[in-house]
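S.K.: Got a structure here, written out as structure tokens. Questions coming.
What follows is calculated from the coordinates using simple rules that are stated; it is not laboratory data. Note that the structure is a prediction, hence the values are computed from the model and not measured. Quick reminder, even Gly has a Cβ in these numbers, built from the backbone with ideal geometry, and neighbours come from all protein chains shown.
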Amino acid sequence: MVLALTALNRACSRLLRSPNTALFSPARAQQLPARIRQNATIAPSISPAAAARQQRVHATPGRRLFSQTPRRPYQNYDPYDPHERLRNAKPLFTNRGFRGFIRSPSTHTVAALAFLGAVGFYFYNLQTVPVSGRKRFNCFTEESVEAVSEQQVKRIQWEVERQGGRFLSDWDPRTRMVKRVMRRLIPVSGMEDSDWEVRVIDDPRQANAFVLPGGKVFVYSGIIPIARNEDGLAAVLGHEIAHNLAQHIGERMSGQIGINILLGSFVLLTALWGGAILGTQLFGGTVLDLLFSRPMGRKQETEADYIGLLMMAEACYDPEQALGFWQRMEYMEHMEHQREGAPPEWMSTHPSNHNRIEKIKQWLPEAMDKRAQSDCAGTSAFAGRFRRALAQGLII
């Protein structure tokens, strides 16, 4: 009996170790008598190569079970070492995470709400320029623009001193000439309540002048010989005052907001489709500048020319002197660009002097009528009547 049981156990063990193990699985082995299961060994068959690999792994204490690479020696990690932290740093943004953010439904909802809000904000701050009928976006008040110009005044003063320049004194004939012209232009500017200040920069090589919001007038001495007289200088200062009257600086600041939003949108779309972000930013900024900023600048200059011409005429200056001033500026520009070459008008923020002259010729009849309506001949007419009465012995 004992011999029969021993023979049966050996037969079951050989059957379990055979390639046909699937026919006698461990689940079916549970159905065997307990005594037989205790003596039987259930082990899946493995290839000779796998068996040899297991023997090498267990025989080599320096290797890990699930890796064929040797263990690295332990290194001390210093969390305060910036180089170590930089080596172990993980990227804050990844392309995969960024694309997931862009394609998220929550992002689409926020973008749609932001777009609707931007459209409403744009139409709420839409204005019409009276002299040209041009529609424009301007979200800055005059007070906010004046606050910005105060910092600009300090920066200009610092720049002049840093470059070794100086401001002419109040007793200098050139400063007194500018102040005389301003005393006649301010009453017709519509900005009599501003805190007007006049500064003349001693720089004969610079032919320029500008008026910052709040009544801060800066004139370079180099433009006075080109103006030649007070009428020519009135054409320059009237033009610069007109920029403030038309709130052109606030319009430029507002337009920059829209350009930045468009440029940011282009950069996001480029990143979404795997383009070059830096190239898009540089190239896109140039394109938007040519399409929006520079054309807007040329329109503003034309509006300022028109307003300034009527302003100087109402202040009893000769509008024809504005024509002569721009003709001299055109000649100087021609002489300068003979050496360097003049850029085309579409690349400039100002219209060409030739186009300015043609526009002024069209506006001259209206400017002369404005001058006549201002009774500018009142004093000279009285003086003429006085001379005739004196010669005839009459009382007037």
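S.K.: Order 214-221, 122-129 from most to least packed using the mean count of other Cβ atoms within 10 Å. If you can, show how the numbers build up before the last one.
M.R.: Values: 214-221: 21.4, 122-129: 12.4.
My ranking of the peptides, most packed first, is 214-221, 122-129.
S.K.: How large is log10 I(q)/I(0) at q = 0.08, 0.12 Å⁻¹ when the Debye formula is applied to the Cα atoms of segment 137-377, each weighted equally and without solvent?
M.R.: These q points yield log10 I(q)/I(0) values of -0.36, -0.78.
S.K.: Next question, about the same structure. For W171, W158, which order do you get if you count the other beta carbons within 10 Å of each Cβ and list the fewest first?
M.R.: W171, W158
S.K.: A follow-up question, please. Length gain on complete extension for the stretch Q373 to E143, per 0.36 nm per residue less the alpha carbon to alpha carbon distance?
M.R.: So the extension gain works out to 79.5 nm.
S.K.: Output the Kirkwood hydrodynamic radius of segment 98-236, Cα pairs only, in Å rounded to one decimal.
M.R.: On the way: mean 1/r = 0.0536 Å⁻¹.
Averaging 1/r across every pair of different Cα atoms and inverting gives 18.7 Å.
S.K.: Give me the compactness ratio for segment 186-271, meaning the Cα radius of gyration over 2.2 N^0.38 Å.
M.R.: Relative to the rule-of-thumb radius for its length, segment 186-271 sits at 1.48.
S.K.: Calculate the spin-label point distance for K361 paired with H108, positioning each point 7 Å from the Cα along the beta-carbon direction, and give it in nanometres.
M.R.: Going by the 7 Å Cα→Cβ label model, 5.9 nm.
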